[in-house]
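See below for the structure under consideration.
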Amino acid sequence: MSGAAGNWSSLASLPGMDDSEFERWASLLEKRTGVVVPLKRKAFLVTSVRGRMRETGHARFEDYLLDLQRVPEGAIEWTTLVDRLTVHETHFFRHPPSFDLIARDWLPALAAEPSRSALHAWSVGCSSGEEAYTLAMVLDQHLAARGGKSYFGVTATDVSLPALAAGRAGLYPRQKLDEIPEAYRTAYCEVLDADSFRVRDSLRKRVGFAQFNLLDAVGASMKRLDLIFCQNVLIYFARERRRDLLATLANLLKPGGLLVLGSGEVTQFAHAKLARVDNRNVLAFRRTS
Ligand SMILES: C[S@@+](CC[C@H](N)C(=O)[O-])C[C@H]1O[C@@H](n2cnc3c(N)ncnc32)[C@H](O)[C@@H]1O
């Protein structure tokens, strides 16, 4: 990075950002990740960018923006900044009805298809891994209850490298154990000390973490999946982009596969090969053919 441009006195009072400058930053973020930051969240964007500029030693937004856009040097700094500009809140079993649907309706329906010996799930925008591990717990427990030898794997992807590193470690604050129902807690979590617990290795090896920008899924040739879980990600995207991405996700499902979205995140979505699952608490679609 060329931009250790500022001295300490200018860094102490970083400038304000006018609305047209804000538009430049917001549109860079939208173009590269799909995430929309509306003007009413300008303070969040400015605080996040300024915070990072203090660390990199940039005194002017323009210099920092120029450095970020340098090819290829800006790419590493971009991965750090994007982590600050995106929301990573997540929980184990965040939306219980969605996991109940998988366990009680979808998996038993698949049992009627003996040809399906392996299940591949994708946690899209997995943040620090709680959603991906929840899927793995539910799949492991309910496939085992079904008997037979079904293999499963969960691919967990995100743009944020720090979030992915946390997911890979599978190490969480002890309070988060309260998010996990007792039956799963004992089977899949190992308390390490008064402050932390870890997801057991046997489950961790079922979950693979990888950096992947959801926008790159459009037009990419990818392996088809049985289950795509995409909650609290599209909500940050523009409406038109959501529709394109949903069509892409629909095309990535195998027949009989399930697409689970966040309730209320998408309205009026329809796809020729998807049928809405009849459950008023969950927004999910089953691929028909
Ligand atoms: C609020 S978290 C949701 C985590 C989890 N899905 C849940 O519902 O608990 C949103 C995640 O989406 C990720 N994200 C945002 N834009 C993305 C993109 N274009 N591609 C992949 N991940 C993205 C963010 O980095 C963040 O970790």
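The values are calculated or read from the model by the stated rules, or taken from the named source; none is laboratory data. Fair warning: this is a prediction, and the values are worked out from it, not measured in the lab. Reconstructed Cβ throughout: ideal geometry from the backbone, glycine too, with neighbour counts over all protein chains shown. When the accessible area is computed, the model is the full protein with side chains, heavy atoms only, and any ligands, DNA or RNA have been set aside. Shrake-Rupley method; radii C 1.70, N 1.55, O 1.52, S 1.80 Å.
Couple of notes before you dig in:
- All positions within the stretch 204-219 that are open to solvent by 40 Å² or more (accessible area, probe 1.4 Å) and either farther than 26 Å from residue 107 by Cβ or within 10 Å of the ligand (Cβ to nearest atom) (or both): 211, 212, 216, 218, 219
Let's see how each residue does on (1) under 25 Å from residue 130 (Cβ atoms); (2) modelled with pLDDT of 95 or more; (3) not assigned by TED's automatic domain parsing to the domain that holds residue 246:
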residue	(1), (2), (3)
34	yes, yes, yes
48	yes, yes, yes
68	no, yes, yes
72	no, no, yes
76	no, no, yes
100	yes, yes, no
103	yes, yes, no
107	yes, no, no
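- Verdict on residue 170 being in contact with a Lys or Arg (Cβ under 9 Å, 6 or more places away or on another chain) and closer than 28 Å to residue 80 by Cα: yes
- Within the stretch 107-137, being under 22 Å from residue 216 (Cβ atoms) and part of a helix (DSSP H, G or I) holds for 131, 132, 135.
- Verdict on residue 233 being under 16 Å from the mean Cα position of the chain (by Cα), closer than 18 Å to residue 127 by Cα and either within 10 Å of the ligand (Cβ to nearest atom) or open to solvent by 20 Å² or more (accessible area, probe 1.4 Å) (or both): yes
- Of everything in the stretch 58-100 that is polar (S, T, N, Q) and closer than 13 Å to residue 33 by Cβ, the residue that is nearest to the ligand (Cβ to nearest atom) is 86.
- Top-ranked residue in the stretch 131-156 [being surrounded by fewer than 24 Cβ atoms within 10 Å (Cβ to Cβ) and under 13 Å from residue 208 (Cα atoms); ranked as nearest to the ligand (Cβ to nearest atom)]: 155
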